[in-house]
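Before any comments, here is the structure.
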Amino acid sequence: MLIAIDESKIDNLFKLQADILCLLQKREDESKTATADLLTVKQSALYLNVSEIHIRKMIERREIKVTRIKNAIRIQKSELDSLIKGAKK
């Protein structure tokens, strides 16, 4: 039994597959970028070269804005950068 294959349809399928893979990669990269900007208390302390307790006290005094994800505390890296810029003035 012979099957007729339309090469243009196969080419279209490969193009669609490539487009889908490209979109999935782009979405994955955007996802990584968004979460890479969120730091834990420990990561924030290492980034600022201070203790975790110091970071927690700054959070308590509301010197640092935080994002809470269930019970986890996350800090935007940009928040820490602006804190550094403010200290340099």
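The values are calculated or read from the model by the stated rules, or taken from the named source; none is laboratory data. Please read these numbers as outputs of a predicted model, since none were measured by experiment. Quick reminder, even Gly has a Cβ in these numbers, built from the backbone with ideal geometry, and neighbours come from all protein chains shown.
Residues in the range 36-56 that are out of contact with any helix residue (DSSP H, G or I) (no Cβ under 7 Å at 6 or more places or on another chain) and part of a loop (DSSP other than H, G, I, E, B): Thr40, Asn49, Val50. Can you go through Ile59, Ile20, Ile10 and tell me which one is over 17 Å from the mean Cα position of the chain (by Cα), surrounded by 10 or more Cβ atoms within 10 Å (Cβ to Cβ), part of a helix (DSSP H, G or I) and at pLDDT below 90? Sole residue among the options that is over 17 Å from the mean Cα position of the chain (by Cα), surrounded by 10 or more Cβ atoms within 10 Å (Cβ to Cβ), part of a helix (DSSP H, G or I) and at pLDDT below 90: Ile10.
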